[in-house]
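Working notes, beginning with the structure itself.
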Amino acid sequence: GGRMRAARLLGSGVFVRELLPQDLKLELEMLTRGEATEMAAYLAAVVGHAHARQMSDAQRRDWLKLLRSSHARSLDAPGWLWNSVVELVSLHEAAYLEHCRRYALEAA
């Protein structure tokens with residue numbers, strides 16, 4: 001509707017859509033277990049590929065071997081990983097609330 005426009009980007013036709021603050025919010029509690037698992041696997045792959053690009057071939061092989069040997073099926077994450085995820089979610093929430101505050105100030 002009113003928040004979409006047709007445009008051209010690099011010679012291709014695209015649609016551009018304006019995002020409202022509520023469109024940008026990630027609702028973790030709304031994800032099913034399967035969706036959360038898929039999202040975690042995707043994000044882990046992105047981070048893994050980024051780390052792997054910074055390693056030599058030998059380092060990558062050793063790292064992959066270590067990851068495969070220590071893969072667990074349980075949900076018992078190491079404390080450092082759990083704390084990192086909790087911190088990341090809290091930073092996301094804080095950034096979202098700050099975005100909403102700025103949006104409300106601009107709209108007023």
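Key figures for this structure:
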read-out: Verdict on residue 1 being modelled with pLDDT of 85 or more and either surrounded by fewer than 10 Cβ atoms within 10 Å (Cβ to Cβ) or touching a Pro at 6+ places or on another chain (Cβ under 7 Å) (or both); value: no
read-out: Test: residue in segment 39-49 that is touching a Phe, Trp or Tyr at 6+ places or on another chain (Cβ under 8 Å) and open to solvent by less than 80 Å² (accessible area, probe 1.4 Å); value: no
read-out: Selected residue (criterion: surrounded by the most Cβ atoms within 10 Å (Cβ to Cβ)) from residues of segment 14-35 that are part of a loop (DSSP other than H, G, I, E, B) and modelled with pLDDT under 70; value: 25
read-out: Residue in segment 71-93 that is modelled with pLDDT of 85 or more and either closer than 30 Å to residue 5 by Cα or among the basic types (Lys, Arg) (or both) present; value: no
read-out: Segment 89-108 residues that are under 13 Å from residue 27 (Cα atoms), paired with ones that are open to solvent by 60 Å² or more (accessible area, probe 1.4 Å) and part of a helix (DSSP H, G or I) (beta carbon under 9 Å, 6 or more apart); value: 89/28; 92/28; 96/24
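Per-residue answers, yes or no, for (1) among the small types (Gly, Ala, Ser); (2) within 26 Å of residue 103 (Cβ to Cβ):
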| position | (1), (2) |
| --- | --- |
| 11 | yes, no |
| 14 | no, yes |
| 21 | no, yes |
| 30 | no, yes |
| 33 | no, no |
| 43 | no, no |
| 50 | yes, no |
| 55 | no, no |
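The values are calculated or read from the model by the stated rules, or taken from the named source; none is laboratory data. Small disclaimer: the values here were computed from a predicted structure and weren't measured. So basically every Cβ, Gly included, is an ideal-geometry build from the backbone, and we count neighbours across all protein chains shown. Ligands, DNA and RNA are stripped out before the accessible areas are found, and what is left, the full protein with its side chains, is counted by its heavy atoms. Shrake-Rupley method; radii C 1.70, N 1.55, O 1.52, S 1.80 Å.
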